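Beneath this line is the structure, given in structure tokens, with notes to follow.
Every number in this text was worked out from the coordinates using simple rules, so none of it is lab data. Here the structure is a predicted model, which means the values were calculated and not measured. Note: ideal-geometry Cβ built from the backbone for every residue, glycine included; neighbour counts use all protein chains shown.
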Amino acid sequence: MSTIDYSKIGLKIGLEIHQQLNVGSKLFCSCQPELFKDEPETTFLRRLRPTQSELGQIDPTTFFEFQKGVKIIYEANRKSACLVDLDEEPPHSLNMDALKVVLTASLMMNMQPVNEVHIMRKTIIDGSSTTGFQRTCIIALNGWIKVGEKIIAIQATNLEEDAARKTGTEDDGKTIRYRLDRLGIPLIEISTAPVIYSPLEAQQVALTIGKILRDTGKVMRGLGVIRQDVNISITDGTLIEIKGVQELELIPTVIEYEVQRQLGLLDIKEELHKRGITKDVLKTEFVDITNIFKESKSKVIRKAVDRDHKVFAVKLSGFAGLLSKELIPNFRVGSELSDYAKFWGRVGGIFHTDEMPNYGITQEEVIKICKTVSATEKDSVVFVADTDENCKDALKAVVERVQEALIGVPAETRTAKDDGTTRYMRPRPGAARMYPETDIPSQIITEELVKNIQANLPEPAEKKLSRLMTQYTLNEKLSKQIVDSEYVILFEEIVKETNVTASTVAAFLTETVKSLKRDGIAIENVGEKQIKSLFAAVGSGLLAKEAIAEVFSWLAKNTTKTVQSATIALGLKMFTEADLEPIVDRIITTNKNIIEKNNKDAFSMLMGIIMKEVRGKANPELVSKILKQKL
């Protein structure tokens with residue numbers, strides 16, 4: 001996609017891979033790690049507040065979240081949440097099965113386990129945790145993996161609890177709903193050193209780590225169970241943390257766009273210096289321009305004015321034309337300012353004169369705005385419509401952001417979107433965010449435990465590839481696809497438990513599943529138990545292998561249904577011998593002339609005719625047997 005010379009601009013990338021662990025229960029209680037779709041049995045309302053660290057400091061990200069004034073409605077049921085999740089009971093002891101999985105993955109990455117595990121609290125008051133913090137602990141340090149011919153340093157592996165699941169926002173915009181079913185599910189976090197130097201290399205590193213995690217056989221599968229956070233910096237830029245890249249394929253795009261954004265901001269910095277703009281000319285002087293819009297045709301502004309809201313403006317000296325500069329696709333400097341205004345000022349967005357006249361705002365109104373704030377053709381004007389307080393907070397954030405444009409790229413945390421672009425999320429966290437957990441004792445990692453895990457490490461991917469080719473007589477391409485997939489363990493279980501051929505199972509779990517995903521089928525909705533049941537039906541003759549994809553797609557849309565329900569709903573119930581005999585008799589009678597004319601060759605022709613009618617509902621071997629008997 002990009003022609004940027006990444007070595008020339010000094011690109012450095014570090015990854016943080018987060019993966020849910022499948023160990024039967026949550027990290028600090030015995031609740032099952034399952035998401036529920038029914039109505040909650042319990043709901044309660046809370047508002048979280050920031051606390052000081054041991055040194056009396058308040059983390060900036062925590063204060064930022066508190067400034068939003070958000071309230072949280074938590075939703076729970078008894079199966080997936082308990083008093084620990086509700087923060088009404090102290091946490092139980094650390095889940096040792098989860099600890100062993102992280103130790104296993106750490107040793108597979110040549111890491112040195114710590115002697116003693118200390119639980120820490122990481123302050124989070126965005127509502128995703130009822131406690132106002134996330135529990136986390138370091139398990140191992142200083143390892144490495146090999147990606148191609150390069151050694152990638154692994155800094156640390158952590159064991160931590162996942163956050164609650166956001167399900168929506170109330171109409172007031174200030175009340176958020178979270179479900180507690182995901183809160184507390186064990187997560188492994190793997191942090192690489194910043195020794196990755198291209199977008200493609202970052203994807204390859206993430207893929208390699210993903211393989212190692214799958215080889216443990218103890219990680220969750222499906223949408224949302226794994227995410228990649230990407231730390232990116234370039235020369236003259238700054239460290240930007242991008243949270244929540246869900247898809248592995250999206251990593252290169254996210255990195256390329258972030259590099260483009262930073263380079264664009266550096267260009268803005270140079271242009272501002274050429275124009276002689278300094279921080280002291282960018283002032284927080286807000287002007288009430290509500291009267292200009294009393295008769296405006298702009299629906300957004302009129303709606304605000306009709307609710308007795310205000311319209312305030314601020315002049316950005318020397319910024320004319322810069323706010324419309326595109327940094328990444330469909331994202332301009334004005335979009336950057338709008339994100340800050342939304343988060344800090346709680347407004348819906350901003351208007352600026354670089355994009356005027358537009359949105360129902362006339363040229364005459366623009367002239368009046370510029371005159372009111374004493375703006376010349378060299379300046380830009382930003383204005384917002386909301387309450388008096390929100391307008392001023394939003395414009396203050398805008399001015400502070402444009403002041404940072406004189407420096408270049410501000411350090412911040414951004415969130416990834418599905419198209420690979422990113423948006424402002426919050427400031428970078430500080431050291432005051434972490435402090436010790438006082439409710440859980442430390443856990444000793446004994447030499448005996450480490451030796452036992454080391455002696456029973458899972459089979460590495462290279463060895464597994466060779467074994468699959470030999471044991472299941474798969475070709476190299478199909479073997480590599482199944483090893484690279486998240487279904488490798490499931491593949492072997494299905495082949496051992498059913499009569500379905502290995503090639504059929506492998507081809508479906510790789511090529512067919514990928515094809516279904518491209519067609520928009522929510523493959524993550526079909527669990528491993530359902531997939532096993534699907535192949536069991538094929539192996540026992542209750543379902544034709546040609547119908548596997550159709551049943552899988554139906555199950556993806558009907559998540560609570562069974563394979564048996566799917567076969568009935570789709571009319572795929574297999575024909576018995578008694579069902580097939582009259583069909584074969586009819587086709588033989590209808591095609592007597594073909595039989596007499598072609599003699600021995602008639603069998604193949606008749607099989608083709610019969611299978612065209614019963615394909616997907618009959619076992620070809622059974623059809624062949626009946627036809628031979630009849631002939």
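Annotations for the structure displayed:
- FRET E, pair D306, K71, Förster distance 30 Å, beta-carbon r, rounded to 0.05: 0.65
- Ranking of F293, F603 by count of other Cβ atoms within 10 Å, fewest first: F603, F293
- Measuring nothing but alpha carbons in segment 12-272 and taking Rh as the Kirkwood radius, the Rg to Rh ratio lands at 0.98.
- Degrees separating the helix 199-215 axis from the principal Cα axis of the chain, which is the longest one: 50
- Reach of K451 by Cα under 27 Å, taken over lysines that are not fewer than 8 positions away in the same chain: K26, K100, K146, K211, K218, K463, K464
- Shape of segment 420-479 from the C-alpha gyration tensor: oblate (a/c of 1.5 or more and a/b not above b/c, with a ≥ b ≥ c the square roots of its eigenvalues).
- Helix axis angle, 388-405 relative to the chain longest principal axis, alpha carbon, degrees: 80
- Positive contributions from Lys and Arg (+1) and negative ones from Asp and Glu (-1), summed over other residues with Cβ under 12 Å from the Cβ of Q155, come out at -2.
- Of E596, E161, the sequence from fewest to most neighbouring Cβ atoms within 10 angstrom is E596, E161.
- Angle between the chain longest axis and helix 577-590 axis [Cα atoms, degrees, rounded to 10]: 80
- Over the chain: helical MRE at 222 nm, DSSP H runs n ≥ 4 each giving -39500 (n - 2.57), nearest 500: -11500 deg cm²/dmol
- Computed from the C-beta positions of D585 and M469 and an R0 of 51 Å, the FRET efficiency is 0.65 to the nearest 0.05.
- Global form of segment 250-408, assessed from the alpha-carbon gyration tensor, a/c cut-off 1.5: prolate
- Three semi-axes of the equivalent ellipsoid, segment 577-630, Cα gyration tensor, whole Å, largest first: 18, 11, 10
- Cα-centred dipole magnitude for the chain, charges only on beta-carbon of K, R (+1) and D, E (-1), debye, nearest 20: 1140
- Diffusion coefficient, µm² s⁻¹, Stokes-Einstein with Kirkwood Rh over alpha-carbon pairs of the chain at 10 °C and 1.306 mPa s: 55
- Projecting the Cα atoms of L516, Y435, L103 onto the charge dipole of the chain (Cβ charges, centred on the Cα centre) puts L516 farthest toward the positive pole.
- Neighbour counts of other Cβ atoms within 10 Å put E189, E511 in the fewest-to-most order E511, E189.
- In segment 91-213, taking the dipole from charged Cβ atoms about the Cα centre, the farthest positive-side position among P186, T123, L207 is held by L207.
- Taking 0.36 nm per residue of separation and subtracting the current Cα-Cα distance, fully stretching the chain between L570 and E621 would add 16.1 nm.
- Förster radius 51 Å - calculated FRET efficiency between R518 and E577, Cβ distance, rounded to 0.05: 0.85
- Of the trypsin sites (Lys or Arg not before Pro) in segment 321-370, those whose Cβ has at most 16 other Cβ within 10 Å and which sit in DSSP loop: K325
- Summarising the label geometry, the points placed 7 Å from Cα in the beta-carbon direction at E462 and E476 lie 1.5 nm from one another.
- Its Cα centre serving as origin, segment 459-569 has a Cβ charge dipole (Lys and Arg +1, Asp and Glu -1) of approximately 80 debye.
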